[in-house]
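Student: Attaching a single structure in structure tokens format; questions to follow.
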Amino acid sequence: MCTGGKSWYTILLMFLFLFTLLPIVLIASCIALNDRAVIPVVIAGGFFGVCACIGKFVFSFMHRIVPFSFWANSAAIFFSQLALPTAIIGALFFVLFRNDRTFKIRLFFPLVISFYMTYLPYFVVAGTEHAFSLFELVLKPSMYVCYAAWEAYVLWRINGIVQTDATMKVRVYWYAAAFVGAFVPAAIETLYLLGVFSAWWLTGALLYGGGVVFCYLRAFRRGDFLWLSAA
């Protein structure tokens, strides 16, 4: 195993974080939802994740050449690891499950987390050809939890505005928020891959996570929180 000069127990702890963070978050979200209907959703998300890993293994070469281009790398990560997988599993979820739309949106977060619970560790371990780093084993899974939380939050907001007479400006704002929420983690990872000074991508990751937490706390205090509503 490549450790990049780190002690074996430091690497072990970081791997432990990679493999346990998402399961812990998933369990916590299921407890918060307190709805047995989440069980088939979690199973479906895990199944989609396994299928994605098999597809990557069979049809894709994991070690892509990283061009010295911010936009090219950001776009590659945005589509292959974030937007496209989420859009596909979300579409399958909305088509295959015959529940009402509000129910599906409330369970969108555990769906995405259960997907990345298998897909992300595989992507990190199989796609790393150099020493494992703090970014890949700690920051990246943390950002993906924030990403799933942000997209669930935005989806909840969009569901609310489509049922009202919201202006086009408000609608565009939330659609743009969904895009930005997926692009920011890709941009931060690109800064890491291009060897930019670590303070930049570390600060970006902390601001991203802090912004998501702030929005959730604000919604919770206002009583307008997706998991507080009845299924």
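Taken together, the values in this text are just the output of simple stated rules run on the coordinates, not laboratory data. Note that the coordinates shown come from a computational prediction; the quantities given were computed from them, not determined experimentally. We place every Cβ from the backbone using ideal geometry, glycine too, and count neighbours over all the protein chains shown.
Student: Need one number: the % of Cα-Cα pairs in segment 115-157 sitting beyond the 16 Å mark.
Tutor: Working: 380 of 903 pairs.
In whole percent, the share of Cα-Cα pairs in segment 115-157 beyond 16 Å is 42.
Student: Among (i) 0.96; (ii) 1.02; (iii) 1.07, only one was calculated for this model; which label is it, if the read-out is Rg/Rh (Cα atoms, Kirkwood Rh)?
Tutor: (i)
Student: Output ³J(HN,Hα) for segment 98-108: one whole-Hz value per residue in order, computed from phi by the Karplus curve 6.51 cos²θ - 1.76 cosθ + 1.60 with θ = phi - 60°, and x for Gly and Pro.
Tutor: 9, 9, 6, 4, 4, 4, 5, 5, 4, 9, 5
Student: So what J values fall out for segment 134-147 if you push phi through Karplus, 6.51 cos²θ - 1.76 cosθ + 1.60 with θ = phi - 60°, rounded to Hz, Gly and Pro as x?
Tutor: Coupling constants for segment 134-147: 4, 4, 5, 8, 10, 5, 4, x, 5, 5, 6, 5, 5, 4 Hz.
Student: Please report the orientation-averaged projected area of segment 2-117, defined via the convex hull of its C-alpha atoms, in nm². Present the calculation step by step, with values, prior to reporting the outcome.
Tutor: On the way: hull surface 38.5 nm².
The Cα convex hull of segment 2-117, projected and averaged over all directions, gives 9.6 nm².
Student: Here is a further query. Please list, in order along segment 34-45, the HN-Hα scalar couplings obtained from phi with the Karplus expression 6.51 cos²θ - 1.76 cosθ + 1.60 (θ = phi - 60°), rounded to whole Hz, x for Gly and Pro.
Tutor: Per-residue couplings from phi come out as 6, 9, 5, 5, 6, 4, x, 5, 5, 4, 5, x Hz.
Student: Moving on. Using Cα pairs under 8 angstrom and six or more residues apart, how large is the relative contact order of the chain, in percent? Walk me through the intermediate numbers first.
Tutor: Numbers: 191 pairs, mean separation 70.1, N = 231.
RCO, the chain: 30 percent.
Student: Stokes-Einstein diffusion coefficient for segment 103-231 at 20 °C in a medium of 1.002 mPa s, Rh from the Kirkwood formula over Cα pairs: what value in µm²/s?
Tutor: Values: Rh = 16.0 Å.
For the chosen part, D equals 134 µm²/s.
Student: Roughly how tilted is helix 8-33, in degrees to the nearest 10 and between 0 and 90, from the longest Cα axis of the chain?
Tutor: 10 degrees
Student: Charges on Cβ only, +1 for Lys and Arg, -1 for Asp and Glu, centred on the Cα centroid of the chain; of PHE97, ALA177, GLN163, which one is farthest towards the dipole's positive end?
Tutor: Of the candidates, GLN163 comes out farthest on the positive side.
Student: Report, in degrees rounded to the nearest 10, the 0 to 90 angle that the Cα long axis of helix 198-221 makes with the longest principal axis of the chain.
Tutor: Once rounded, the angle reads 20 degrees.
Student: Then there's this: Near TYR147, within a Cβ-to-Cβ distance under 12 Å, what is the net charge of the other residues, with Lys and Arg +1 and Asp and Glu -1? Walk me through the numbers before you get to the answer.
Tutor: Details: positive: LYS140; negative: GLU151, GLU189.
Its environment carries a net charge of -1.
Student: Could you please state, rounded to a whole Å, how far the C-alpha centre of segment 73-122 is from the C-alpha centre of segment 147-194?
Tutor: One Cα centre to the other: 14 Å.
Student: Related question: Per residue of the chain, what 222 nm ellipticity follows from adding -39500 (n - 2.57) for every DSSP H run with n ≥ 4, rounded to the nearest 500?
Tutor: On the way: 9 runs with 167 residues, N = 231.
So the calculated ellipticity at 222 nm is -24500 deg cm²/dmol.
Student: Highest first, please rank the peptides 42-53, 167-178, 150-161 by the mean number of other Cβ atoms sitting within 10 Å of their residues.
Tutor: Numbers: 42-53: 18.2, 167-178: 12.7, 150-161: 20.0.
Sorting 42-53, 167-178, 150-161 by mean packing, highest first, produces 150-161, 42-53, 167-178.
Student: Something else: Counting only C-alpha contacts under 8 Å and six or more residues apart, can you give the relative contact order of segment 123-222 as a whole percent?
Tutor: On the way: 44 pairs, mean separation 33.5, N = 100.
Dividing the mean separation by the residue count of segment 123-222 yields 33 percent.
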